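Structure first, then comments.
Read the figures in this text as sums done on the coordinates, not as results from a lab. What you are looking at is a predicted structure, and each value in this text was computed from that prediction instead of being measured. Don't worry about glycine lacking a Cβ; one is built from the backbone with ideal geometry, like all the others, and counts go over all protein chains shown.
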Amino acid sequence: MTDAMTRALETKLSLFDTRTRKVASISASNGSHLRIYSCGPTVYRDAHVGNLRTFLLSDLIIKVLKYTGVDARLVQNITDVGHMSEDLHEDKLLAESSARKMDPFEIAREFESRFHHDLQLLGVNPANIYPRASESIEMMQSLISQLIEKGHAYVGTDSSVYFDARSFESYGEISGNRLDALKPGHRYEYTDDGAKRFHADWALWKAAGERTEMIWDSPWGAGFPGWHIECSAMSLHYLDGAVDLHLGGIDLRFPHHENERAQSNAAAGYEVVSNWVHGEHLLFEGRKMSKSAGNVVLVSDIVARGLDPLALRLTFLENRYRSQIDLTWDALAAADSTIKRWRKKLKDWGASDATPEAQIVLSQLVELVLDDLGSADAIVELRRIERDEHLAPSFRAFIFRELDQIFSLDLDRAEESARLTSEQEGLLAARAEARAAKDFAQSDLLRDQLRALGVEVKDSASGQSYEIIL
Ligand SMILES: [Zn+2]
């Protein structure tokens, strides 16, 4: 590692590290900027608001760090090959490709661009680089070769390459799932891998077998990479061998992050990731969001209801990243009206005045965010400041504008000239529901009613959107 002689740069940020189970101070080991890796989307469908919660985590971290003068470099992968579904053991992209009779890479690019569009609507700054798995095959193959050379991986009789789990002693530190507790047959990893030496070994490279699409040549024959190896290869490559902060949803703790840690550490010979930080689950109306439960909510659904997508951002900020949220349409509507009220008030308050008193209050609020991302506590304070009529308008304007550099609620946005009436909003929501229920006669009727009221509705695969035409 080139950083051995470099003095780390201590930041003021602290976060809960899943591996050590402690709130830890975060530092940039290269002395200049924080190196962050965040597990990105598998682009075979739209990211729902639960996935987006994790993707917003890196944005809040980077913005609060930047506010304190610390730069960050963010790498986020785009998984477009190798992510198998748990039930059918099929590549998620190829399954979607045969269902839609479309080229798998065409599907991947479509959802990749929608992912970037969603992030933009949520005020998220782009990562420094979004490497695609399908374009990182050589990088993964070279890491796999290294692991074989070092005795941490082997070629099975089926020509797939497996990681030898027992060769990595501290397996299980992140999730607590130690090897001796993992039972054979437990569905934690590809269960049809018959050529493994040990039940907890996992595939780094899978032999093509019957598969003819999305396969590449390799020293071990034609095949495709396993899902876990891409994050090791990309983080080691693009972050120069050390990750200060590794982010992802809590469901990735095991096996994905456990396997990634084993691969990266085995290849590098040291602890590659300093802090593993996980975002908690999101429930919607009391239930886990899933396609089968029919309660998957997308950013486009929020827009279709006439709500500002940043309302989603505010509801996330009002909860700590590591506590579960039960999101509801009512909560989103309330957040939407809060944002609109704040925009109006900020306009009324006028110019900011950075008095010494205001600076002190501001730094206390920033401290709350730096303390394990206590944005929720900072927002409670913001609401108190909003209501306190004893405070000068310019004082309140200063606090709100400064914190908005971290929260990105676009509070200085000019008032929208045209707003939907409650009747229009109601019709839009009813139409979204009719469409979801595939009641097209009803949805066409509602479209005509909306047009008569000056709202033109457009449909796309991601849902309905609208434009005010009168
Ligand atoms: Zn990952």
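Its relative contact order, with pairs defined as Cα atoms under 8 Å and 6+ residues apart, puts the chain at 16 percent. Residues whose amide H comes within less than 5 Å of that of GLY226, counting only those at least five positions distant or on another chain, are TRP205, LYS206 (H built at 1.01 Å from N in the peptide plane). With 30 Å as the limit, the listed pairs LYS66/LYS291; LYS101/LYS206; LYS291/LYS345; LYS288/LYS438; LYS345/LYS458; LYS12/LYS150 have LYS66/LYS291; LYS291/LYS345; LYS345/LYS458; LYS12/LYS150 beyond it between alpha carbons.
Against the main long axis of the alpha-carbon atoms of the chain, helix 49-67 sits at an angle near 80°. A cut-off of 5 Å between modelled amide H atoms, ignoring neighbours fewer than 5 places along the same chain, links ARG132 with ILE78.
Could you work out, for the chain, what percent of all Cα-Cα pairs fall into each 20 Å distance bin, beginning at 0 Å and stopping at the bin that holds the largest distance? P(r) over the chain, rounded to whole percents: 22, 51, 24, 2. Remark: the range 446-459, residue by residue, has Karplus-estimated 3J(HN,Hα) of 5, 4, 5, 4, 5, 4, 5, 8, x, 10, 9, 9, 10, 10 Hz, where x stands for each Gly or Pro and the curve is 6.51 cos²θ - 1.76 cosθ + 1.60 at θ = phi - 60°.
Local charge for PHE316 was computed over the other residues whose Cβ lies under 14 Å away, with Lys and Arg +1 and Asp and Glu -1, and equals -2.
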